[in-house]
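One structure below.
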Amino acid sequence: MAGVDQNEPGISPRSRLRLSIGRRPRDLAQLGLVGGLLALSVLLVLVPANPVELAIYDQLGRIPAVSDLLWVVLSWLGSWAGIAAVTAVAAYFGWIRVALLCAASGAVTWALALLMHEVLGLRQLSPTGPPGGLPFPAEEVAIVTVLAVIVAPYVGGFARYAGWVLAVLVGVAVVHLGGHLPLAAVGGALLGWGVGTLFHVVWGAPGRRVSDAIVRDELEQAGLAPLSIIALRHRFLEPREFAVRTEDGATLRVKVVRRMSRRAGAWYKIKRLLALLDVQDEPRLSTPHHEVEHEAYVTLLAERAGVRTPPVVLACDVEHAPALLVVRQVTGRRLSHMRAEEVDDELLAEIWAQLAALAEARIAHHDLRAKNFLVDAQNRPWLLSFTFSLAGAGPARCERDLAEALVSIASVVGAERAVRTAIAALPAEQLEGALRNLLPMALPRRIRAQAPHGRFLMAEVREALADGLGRPIPGFRSPVRPVTVVGLLLIGAAVYLLLPELSSMNDVLGAARHANWGWLAVAVLTGFLAILLSSISVQGSSSVPLPFWRTLAVQVAAAFTGRTTPGGAGFFGINVVYMERLGLRRPLAVGVTLLNQAGTGAVAFVVAVVGVFTVGLAGTFTHLSIPTGWPVLVGAMAVVVVAVVVIASPFGRRRIAAPALEVGRELLETLRDPIRALQLFGGALGYLVVSGLGLAASLAALHPEFSWVGVTVVFIIGNTLGHLVPSPGGLGAVEAVLFAGLGAMGVPATAAVTAVLLSRLLTYWLPVLPGIAMFRYLQRKAII
């Protein structure tokens, strides 16, 4: 691995900057975001300043007058003087492009700010104050911000952040001097940011692309003497690659890293936490250059450990261009491009041997897709792309690597061959570790997406591996960690403390103390009876008979796992593992769980529609106000059009329409079996009605005059809508919808808030406690 001395002869820095100018698609999204925020700030301008904004304005105005000279000078930077100064400095250093962009963008921003002043007029300080006000936005802040945005890509380093610090100081200056309100300063920053981003979209900015000339210059400075450079096809957001032939006949592959590829999204991290595997966050990398150096370093370690991987030639950071990684080209075919019959058992044995050597060297690859296995002319496998790799990895990380490889190879040759050859080549201890990682939530999407039905392929691999090792399918592991419990308690405390503020905390506590304990006991019983009816519904969802008592016990445990995880992920997981332990294949187990949820949703929809019309005709919702008029009609039509477009798109047809039609067919098929239909739909209806009666019983303990049917309908609607929010048990959303529904019925605020909180505690959260004990018991009995 070698670096490049930027002082050696070659392309001049100014030419290199010019060659790297390009456009970044992300700027379009950024432009839309800034435009939306600016539009929102304009809407806020139409109303008088609120007390918080006036307080900030007053506090900044009290800055000691001795510093006024500094603030006045700072405000000058946001005038024509600032535009002229920055333009002159750029022209003096020969940055003609930067000078022209600064002059043009500053003039456009100044003109737009004055236009907004004319259109919006002066913003009144208070509704009762004297006439007059202050303009929006602050043109000084807008000008400084646009200059900072324009200059930032050309200077880099600390200087690009200094511009934003200067914009903040100018914002403080204009507010302190009494020229603008704080919102005007924010609006000015948004205006300048938007104009600067628009200029980058239209005219481009440095560091956005790399040309053949830059690659040739870097290789020449490293002494590699390139003859030809060919740009290879690449996918969006993936590193660009070039094929290079040198004078000595060598063929090189150059990877251009524009952005941090070595990242894992928040959603993937959350899913790994829910899987409760022994996973750790990946070490952070600071820059694309760091990423290139990291990949080169781990590649060299793997090569030294005997792993076949293309040798590293060069890793360098390029001025005004992305970082480069150069490796020797190995001729061959990607495993993902080969047919199953072209991959013999000898090749698979070699692949497993390479992975064993990698694990022995304590290197985790973390991207063992089939495309990263290269097969050369001698039928030998090579490992590519150590972007996500980690040196010094522990056994858990290496086991996850093996799980990735099993899924990837199975996507090419099938689950049976992949597992059979792995068992023949690797120790059982390593394969048992991989078995624990063969879960959809444990592996990244790039691994699961290699097969059209990646989730089912993973299930086939897991079942084949468990059978081959003579081990049971891994049991369900608690998705609740201590940090999850703490977070749940904090969210619950916030909801249960803030919601009573809609009424009065003292009134709520007083109403709870004087509640009828008999009705509260009934509410507790409805919570446990609902679990019984839920287990009956699960039985009706399966075409294979499920044992009643064992199914009931699993649903009691699901009260713990399902209600303490976002989106009820624990409910799905525990039921799927339970059915797998009974001998059902994972696709069938997943189908049973989805069918149960679909049946419950269908019953809830029918009951809600019928109940709303019935109760509405009876005049129960006396305090319900439904907005009308053409804006509501236009909004509803827009929602319908967007929904139709999404469903009609290839994504919608594949991910929404097709699964919905399949579940619909299964629901209709269930109707042909009267016993199953009664169990599925009757159990779901009983679960919803009994749970609704729990809310009614809690309300009866406080406020006896109400419609029991109306409260039940309110609960079904609130429970269904609230659980669409991805919080554990719909926490916060369910309470808010139920409170609004009871208010629409005319229930007093204190009684409504108290009944909702008591009902949720007694009927929903209290069963979690026996659910914990049942969960541990079922684990010891190997039922889950």
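Read-outs throughout are calculated quantities, based only on the coordinates presented, and are distinct from any laboratory measurement. Treat the numbers as computed from the prediction; the structure is a model and nothing was measured. Methodologically, a virtual Cβ is constructed for each residue, glycine included, from the backbone with ideal geometry; neighbour enumeration extends over all protein chains shown.
By the scheme Lys and Arg +1, Asp and Glu -1, what is the net charge of all other residues having a beta-carbon under 15 Å from that of residue 676?
Details: positive: 665, 672; negative: 666, 669, 673.
Neighbourhood net charge equals -1.
So, counting K/R as plus one and D/E as minus one, what does the shell of residues with Cβ under 14 Å around residue 536 add up to? Intermediate values should be presented prior to the final figure.
Details: positive: 550, 676; negative: none.
So the environment of residue 536 carries a net charge of +2.
Would you kindly state how much longer the chain becomes between residue 514 and residue 23 on full extension, computed as 0.36 nm times their sequence separation minus their alpha carbon distance, in nm to one decimal? Working shown, then result.
Values: separation 491, 0.36 × 491 = 176.76 nm, distance 6.74 nm.
That pair, residue 514 and residue 23, stretches by 170.0 nm at full extension.
Which order do the peptides 197-203, 342-348, 666-672 take when ranked by the mean count of other beta-carbon atoms within 10 Å per residue, highest first?
Working: 197-203: 18.4, 342-348: 16.1, 666-672: 13.6.
Ranking the peptides 197-203, 342-348, 666-672 by packing returns 197-203, 342-348, 666-672.
Looking at the square roots a ≥ b ≥ c of the eigenvalues of the Cα gyration tensor of the stretch 340-469, which shape do they give, rounded for a/c under 1.5, prolate if a/b is larger than b/c, or oblate?
Values: a/c = 1.20, a/b = 1.02, b/c = 1.18.
Here the stretch 340-469 falls in the rounded category.
With an 8 Å Cα cut-off and a minimum separation of 6 or more residues, compute the relative contact order for the stretch 340-469 in percent.
Details: 173 pairs, mean separation 34.4, N = 130.
Result for the stretch 340-469 is 26 percent.
What does the net charge come to around residue 170 if you take all other residues with beta carbon closer than 15 Å to its beta carbon, with K and R at +1 and D and E at -1? Present the calculation step by step, with values, prior to reporting the outcome.
On the way: positive: none; negative: 68, 139, 140.
Value of the local net charge: -3.
Have a look at the stretch 23-203 and give its Rg and Dmax from the Cα atoms, expressed in angstrom.
That works out to 16.5, 55 Å for Rg and Dmax.
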